[in-house]
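Here the structure comes first, spelled out in structure tokens, and everything after it is commentary.
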Amino acid sequence: MKDHKFKKNARLHYKRDFSKIIRQGKKVESDYLRLYGLVNDLAFSRVGIIIGKKFGHAVLRNKAKRVIRDLFRKFKTHIKHGYDLVFYIKPAFHDLAFVQKKKFFGTF
């Protein structure tokens, strides 16, 4: 069985890490989210999620973060090792159905 856990070391925790990735990393943008990526010196990739209050109330924001984490877990075998990724979720992301989010995530 494949390892689909989202371990603690796979998360970005510190503001300085987020800032560095946003400043120095490459950016890919769509109508639904913005993805920043930067090479790290680790044998695994890490992910961080940014979501603003314009997205909606806390329940909606937390659900969107859970969806991104779930998709990251499922697609992490397709992501090259050694990258730090920051997802900035835009309000339009909320309007997508889960199947569309999964399909959209696979294009990144």
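The values are calculated or read from the model by the stated rules, or taken from the named source; none is laboratory data. All figures in this text were calculated on a predicted structure; none of them were measured in a lab. Neighbour counts run over all protein chains shown; Cβ positions are idealised from the backbone, glycine included.
Search the range 60-103 for residues being over 25 Å from TYR14 (Cβ atoms) and among the basic types (Lys, Arg), and hand back the single one that is surrounded by the most Cβ atoms within 10 Å (Cβ to Cβ). Explain how you work it out, then say what you get.
To start, the set of residues in the range 60-103 that are over 25 Å from TYR14 (Cβ atoms) comprises 60, 74, 77-78, 91-92, 94-103.
After this cut, where a residue has to be among the basic types (Lys, Arg) as well, the list is 74, 101-103.
Values: LYS74: 14, LYS101: 19, LYS102: 15, LYS103: 11.
Residue satisfying both the conditions and the ranking: LYS101.
How many residues are within 17 Å of ALA97 (Cβ to Cβ) and either modelled with pLDDT under 85 or not hydrophobic (A, V, I, L, M, F, W, C) (or both) when one looks only at the range 28-50? Break it down into steps so the answer makes sense when it comes.
Keep residues of the range 28-50 that are within 17 Å of ALA97 (Cβ to Cβ), which gives 30-33.
Restricting the remaining residues to those that are either modelled with pLDDT under 85 or not hydrophobic (A, V, I, L, M, F, W, C) (or both) gives 30-32.
Here the count works out to 3.
Could you tell me how many of the residues in the range 41-74 are of a type in the set (S, T, N, Q) and not in a helix (DSSP H, G or I)? Even if it seems obvious, please write down each step before you answer.
Let us first name the residues in the range 41-74 that are of a type in the set (S, T, N, Q), namely 45, 62.
If we keep only those that are not in a helix (DSSP H, G or I) as well, we get 45.
Total meeting the criteria: 1.
I need the full set of residues from the range 75-98 which are in contact (Cβ under 8 Å) with a residue 24 or more places away in the chain, outside any loop (DSSP other than H, G, I, E, B), over 14 Å from the mean Cα position of the chain (by Cα) and within 22 Å of ASN62 (Cβ to Cβ), in order please.
PRO91, ALA92, HIS94, PHE98
Does the range 14-26 contain at least one residue that is surrounded by fewer than 13 Cβ atoms within 10 Å (Cβ to Cβ), touching a Gly at 6+ places or on another chain (Cβ under 8 Å), at pLDDT 90 or above and closer than 27 Å to LEU96 by Cα?
From the range 14-26, those surrounded by fewer than 13 Cβ atoms within 10 Å (Cβ to Cβ) are 14-16, 19, 23-24, 26; that's our starting set.
The next check asks that each one be touching a Gly at 6+ places or on another chain (Cβ under 8 Å); those that pass are 26.
Applying the additional criterion that residues be at pLDDT 90 or above yields 26.
After this cut, where a residue has to be closer than 27 Å to LEU96 by Cα as well, the list is 26.
Checking the range 14-26: at least one residue is surrounded by fewer than 13 Cβ atoms within 10 Å (Cβ to Cβ), touching a Gly at 6+ places or on another chain (Cβ under 8 Å), at pLDDT 90 or above and closer than 27 Å to LEU96 by Cα.
Tally up the residues in the range 23-61 that are in contact (Cβ under 8 Å) with a residue 40 or more places away in the chain, closer than 17 Å to TYR83 by Cα and either touching a Cys at 6+ places or on another chain (Cβ under 9 Å) or of a type in the set (Gly, Ala, Ser) (or both), please.
Quick first cut of the range 23-61, residues in contact (Cβ under 8 Å) with a residue 40 or more places away in the chain only: 25, 28, 30-42, 45, 47, 49.
Filter once more, so that each one left must be closer than 17 Å to TYR83 by Cα: 25, 28, 34-42, 45, 47, 49.
Filter again for either touching a Cys at 6+ places or on another chain (Cβ under 9 Å) or of a type in the set (Gly, Ala, Ser) (or both), leaving 25, 37, 45.
So the count comes out to 3.
Please verify whether the range 2-15 includes one or more residues that are in contact with a Leu (Cβ under 9 Å, 6 or more places away or on another chain) and either assigned to a strand (DSSP E or B) or without any contact (Cβ under 8 Å) to a residue 40 or more places away in the chain (or both). Reasoning before the result, please.
The first filter runs over the range 2-15 and keeps only residues in contact with a Leu (Cβ under 9 Å, 6 or more places away or on another chain), leaving 9, 12.
Subsequent filtering for residues that are either assigned to a strand (DSSP E or B) or without any contact (Cβ under 8 Å) to a residue 40 or more places away in the chain (or both) retains 9.
Yes; the residues of the range 2-15 include at least one that is in contact with a Leu (Cβ under 9 Å, 6 or more places away or on another chain) and either assigned to a strand (DSSP E or B) or without any contact (Cβ under 8 Å) to a residue 40 or more places away in the chain (or both).
Would you point out which residue out of LYS80, LYS74, LYS53, LYS102 is modelled with pLDDT of 90 or more and among the charged types (D, E, K, R)? Don't jump to the end; show me each part of the working.
Working: LYS80 fails: modelled with pLDDT of 90 or more; LYS74 fails: modelled with pLDDT of 90 or more; LYS102 fails: modelled with pLDDT of 90 or more.
Of LYS80, LYS74, LYS53, LYS102, the one residue that is modelled with pLDDT of 90 or more and among the charged types (D, E, K, R) is LYS53.
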